1. Only residues in the stretch 31-43 that are without any contact (Cβ under 8 Å) to a residue 24 or more places away in the chain count as the first member; pair them with residues that are open to solvent by less than 90 Å² (accessible area, probe 1.4 Å), Cβ under 8 angstrom, at least 6 apart or cross-chain, and list the lot.
Amino acid sequence: MSAHTHPRSPQPAEGGVDFKLPWWGVVLPAIAFFVLLALVIGSGDAHAVSGDGTLTHLVDRIHESLSH
């Protein structure tokens with residue numbers, strides 16, 4: 001099976017390249033960037049975790065990071 005493509009408009013856009021980007025194509029990467037930036041900035045007081053209760057401690061750290 002071959003996929004159908006959308007036909008191009010008969011007239012080119014004035015002044016350059018014509019493309020349409022959906023709203024989520026800008027918003028989702030921006031949200032991801034700011035979440036990662038917040039995690040990096042908030043990790044200034046991070047320290048090594050001991051072997052006891054590693055998963056519990058990790059979940060606690062994630063909860064603390066998200067609550068700030």
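The values are calculated or read from the model by the stated rules, or taken from the named source; none is laboratory data. Predicted model only: the values in this text are computed from it and were never measured. All Cβ positions, glycine included, derive from the backbone under ideal geometry; neighbour counts span all protein chains shown. We work out accessible area using only protein heavy atoms, side chains counted, and drop any ligands, DNA or RNA first. Shrake-Rupley method; radii C 1.70, N 1.55, O 1.52, S 1.80 Å.
1. Partner pairs satisfying both residue conditions: Ser43/Ser65.
Quick grid of which residues meet (1) surrounded by 10 or more Cβ atoms within 10 Å (Cβ to Cβ); (2) assigned to a helix (DSSP H, G or I); (3) modelled with pLDDT under 80; (4) out of contact with any Asp or Glu (no Cβ under 6 Å at 6 or more places or on another chain):
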{"residue": "Pro10", "(1), (2), (3), (4)": "no, no, yes, yes"}
{"residue": "Gly16", "(1), (2), (3), (4)": "no, no, yes, yes"}
{"residue": "Pro22", "(1), (2), (3), (4)": "no, no, no, yes"}
{"residue": "Leu28", "(1), (2), (3), (4)": "yes, yes, no, yes"}
{"residue": "Leu37", "(1), (2), (3), (4)": "yes, yes, no, yes"}
{"residue": "Val40", "(1), (2), (3), (4)": "no, yes, no, yes"}
{"residue": "Asp52", "(1), (2), (3), (4)": "no, no, yes, yes"}
{"residue": "Ile62", "(1), (2), (3), (4)": "yes, yes, no, yes"}
